[in-house]
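In what follows, a structure is listed as structure tokens, so that the remarks can point back to it.
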Amino acid sequence: MLKKPIEILRQDLASLKEAGQTDVQIEALLNLIDTLQSTDTETIEKSLQRDLALERVKHTSNAQLELYKSIIQSGQNAMKTALLINAGAAVSMLTFLTKVMTDKNEVLARTLSDALLGFVIGILCAALSTGTTYFTQDAYSCPSTLKRGDRFNILSILLVSASYLSFAIASYITYSSLR
């Protein structure tokens, strides 16, 4: 924080007094006051402008960081959800298929097996998307590989989308076979 000119003058005079000096030249004192007056306004203005610019940069950086964290969290939630719904459906389908096979309904068992395959593909796509996010973060950590990071990011998004699409198709196959 900048000191006021009077405080600076008082400190300088106290320092001189402690050093044993009892007299101060008026010309030197006037020069010090002139220096303090001229630099004080300029220094304060420059300092305020610098501080304002610094605060703007901090605010922008913090906002971008929070947005980035939010995007990462949303992506992780999408991957977890895709994995969860496909895995839950696959387990349910396996249980149901066991019942259908004991009833020896081969036509229904084949159709439901196709649906099971769709859920398994959805699990695979969701699992692969978690792996590609690792490569995305690794590529983004180095400025020279940002374009590669963009490609891995797009691949992650496509894999999660494929997982959801696979779930939707497998669900439709299941629904159609049970109608």
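In table form, for the structure just shown:
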| quantity | calculated |
| --- | --- |
| Exclusive hit being in contact with a Cys (Cβ under 8 Å, 6 or more places away or on another chain), part of a helix (DSSP H, G or I), within 28 Å of Leu65 (Cβ to Cβ) and hydrophobic (A, V, I, L, M, F, W, C), set Ala126, Ala139, Ala162, Ala82 | Ala82 |
| Residue match in region 65-81 (condition: more than 30 Å from Gly131 (Cβ to Cβ) and without any contact (Cβ under 8 Å) to a residue 12 or more places away in the chain) | no |
| For Tyr172: the one exception among (1) of a type in the set (Ser, Thr, Tyr); (2) over 18 Å from Gly75 (Cα atoms); (3) in contact (Cβ under 8 Å) with a residue 60 or more places away in the chain | (3) |
| Flag for Phe96 being out of contact with any helix residue (DSSP H, G or I) (no Cβ under 6 Å at 6 or more places or on another chain), assigned to a helix (DSSP H, G or I) and under 19 Å from Tyr172 (Cβ atoms) | yes |
| Condition check for Leu65: of a type in the set (A, V, I, L, M), in a helix (DSSP H, G or I) and out of contact with any helix residue (DSSP H, G or I) (no Cβ under 6 Å at 6 or more places or on another chain) | yes |
| From Asp51, Asp114, residue being modelled with pLDDT under 90, part of a helix (DSSP H, G or I) and acidic (Asp, Glu) | Asp51 |
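The values are calculated or read from the model by the stated rules, or taken from the named source; none is laboratory data. Note that the coordinates shown come from a computational prediction; the quantities given were computed from them, not determined experimentally. Methodologically, a virtual Cβ is constructed for each residue, glycine included, from the backbone with ideal geometry; neighbour enumeration extends over all protein chains shown.
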